[in-house]
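What follows is calculated from the coordinates using simple rules that are stated; it is not laboratory data. Source: prediction; values computed, not measured. Because the Cβ atoms are built from the backbone with ideal geometry, glycine has one as well, and the counts that use them run over all protein chains shown.
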Amino acid sequence: MIARDIMTHKVCTIRPEASAQEAAQLLDEKRISGLPVVNENGNIIGIITEADIISKVDREGLHVSDIMSHEIISVSEETPVSEIALLLTQRKIKRVPVVQDDKLVGIVSRADIVHAVAQGHLIIRPW
């Protein structure tokens, strides 16, 4: 299996000029733990997570661009799910954007991989 097979295609995103509170509201409303941050051209420029927000809980007037993670670890639609699982585990991250030609086309989260295992699309091997 590859990223395209299990990725979430309809990805909630946020713009860098949005307030930290708007990001928190979107995370809460959608019941997700992270959002890709995209610029006006639809290029991914960062990720904002629950951890980014709670680490700045006592500060006012912050925008997404002030607290987002700028380091973007992404994969292509052709990346094997086994590589993605290893990447998530080794980097201790919960999601990875799927990018094609610098544009966000999907996202693969830990939950997407667990769902594929639960559906029998992926197997767990004892190594």
Cα-based shape type of segment 3-118, given that a ≥ b ≥ c are square roots of the gyration tensor eigenvalues and the cut on a/c is 1.5: prolate
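Can you tally the net charge around Pro16? Count Lys and Arg as +1, Asp and Glu as -1, for every other residue whose Cβ sits under 12 Å from the Cβ of Pro16. Mind dumping the intermediate values first?
Numbers: positive: Arg15; negative: Glu17, Glu22, Glu40, Asp66.
Local charge sum for Pro16: -3.
To the nearest 0.05, how large is the calculated FRET efficiency for Lys10 and Leu87 if R₀ is 30 Å and r is the Cβ-Cβ distance? Mind dumping the intermediate values first?
On the way: r = 22 Å, r/R0 = 0.74.
Using R0 = 30 Å, I get an efficiency of 0.85.
Considering only lysines 8 or more places apart in sequence, or on different chains, count the pairs in segment 3-118 whose C-alpha atoms sit under 19 Å apart.
Values: Lys10/Lys30; Lys10/Lys94; Lys10/Lys103; Lys30/Lys94.
Counting lysine pairs in segment 3-118 gives 4.
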Of the GluC sites (Glu not before Pro) in segment 11-68, those whose Cβ has at most 16 other Cβ within 10 Å and which sit in DSSP loop: Glu17, Glu40, Glu60
